[in-house]
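Everything on this sheet refers to the single structure shown next.
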Amino acid sequence: MSFKKVALRGIAASIFLAIAVVGTTFADTKTSSSGSPGKSSLTDSASSAGATCQYHAGFGWDLHAIAVVPPNVFARNRTSGVDSQRVGWRFRVQVQHAGGEWALLYKSSIVKAMATDATKAVFGARARELTGVLDDDNYRVVVNILWYRTDGSVAGRVTRRVDFNHRQDDEDADVDFGAFHSTCVGHFGF
C-alpha cells in the first residue's frame, strides 16, 4: 500500500474519531417546542449526567429507580426590564421492549416555580422507583418544560431528552459505572 493511501486512511480515521469524541460532549436533545417558550436546558453531559440509573446488586445489576436532575428554566424575555413568569416541569420514563418503539412507562406530576429572564427557577431533583423491569429492556428520560401565562394557561412548551445517564449502585455510592450511557438497561452483568 502506498504512503499516500496510508496517510489518507489515517487522516480519515482521525476525522472520524474527532467527530465521535465531540459528539459525546453535547448535552440533551431538544425534541419539540411549541408556543412561546423561554430559555431552557438540561444539565446533561458525560461529566454531569441528566439522570442517574440506580441499580441493586444481586446476580448482576438490576435497575431499581431513575433519578432526574431538574432542568434549567428561565422566564420568557418580553421587555427591556427583568421579566418574571411561572414555569414548570415534569419527567417521563419511557421503555423500549426488545428494540421496538419507545412507550410511556411513567409520567410525573408537574412541579411549578417562579423564574425571571435573568435567574432560573429553583427546582429539586426527582426520582421514580421502577417495578416490573425486564432484563432486555431499555429505559430513558424525557423532560417536559412549561411556561405559563398569568391566567395559568400554557404559553410555551419544550421537550428535551436526556442523553447521558449515570449508572450507580443505589446502596453504595462508591460503586459507580460512569455516565456514558444513552439509556438505562434493565439488567447488566452476570
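For ASP163, the test of being modelled with pLDDT under 95, among the acidic types (Asp, Glu) and either within 23 Å of ALA57 (Cβ to Cβ) or surrounded by fewer than 13 Cβ atoms within 10 Å (Cβ to Cβ) (or both) is failed. Quick one: in segment 32-67, of everything that is loosely packed, with under 14 Cβ neighbours inside 10 Å and of a type in the set (S, T, N, Q), which residue is nearest to the chain's Cα centre (by Cα)? Top of the filtered list is SER48. The set of residues from segment 41-78 being touching a residue at least 60 places away in the same chain (Cβ under 8 Å) and among the basic types (Lys, Arg) comprises just one member, ARG76.
When segment 125-152 is limited to residues that are modelled with pLDDT of 95 or more and in a loop (DSSP other than H, G, I, E, B), the one that is nearest to SER34 (Cα to Cα) turns out to be ARG149. Selection over segment 77-94 of residues that are within 30 Å of SER182 (Cα to Cα) and charged (D, E, K, R) gives a count of 2.
Sort out which residues of segment 89-123 are modelled with pLDDT of 95 or more, of a type outside the set (Asp, Glu) and part of a loop (DSSP other than H, G, I, E, B), and write them in order of number. Scanning segment 89-123 gives SER108, SER109, ILE110, ALA118, THR119, LYS120, ALA121, VAL122, PHE123.
Within the option set TYR139, TYR106, being of a type in the set (Ser, Thr, Tyr), touching a Ser or Thr at 6+ places or on another chain (Cβ under 9 Å) and within 17 Å of VAL162 (Cβ to Cβ) holds for one residue only, TYR139.
The values are calculated or read from the model by the stated rules, or taken from the named source; none is laboratory data. Small disclaimer: the values here were computed from a predicted structure and weren't measured. Backbone-built Cβ (ideal geometry, glycine too); neighbour counts: all protein chains shown.
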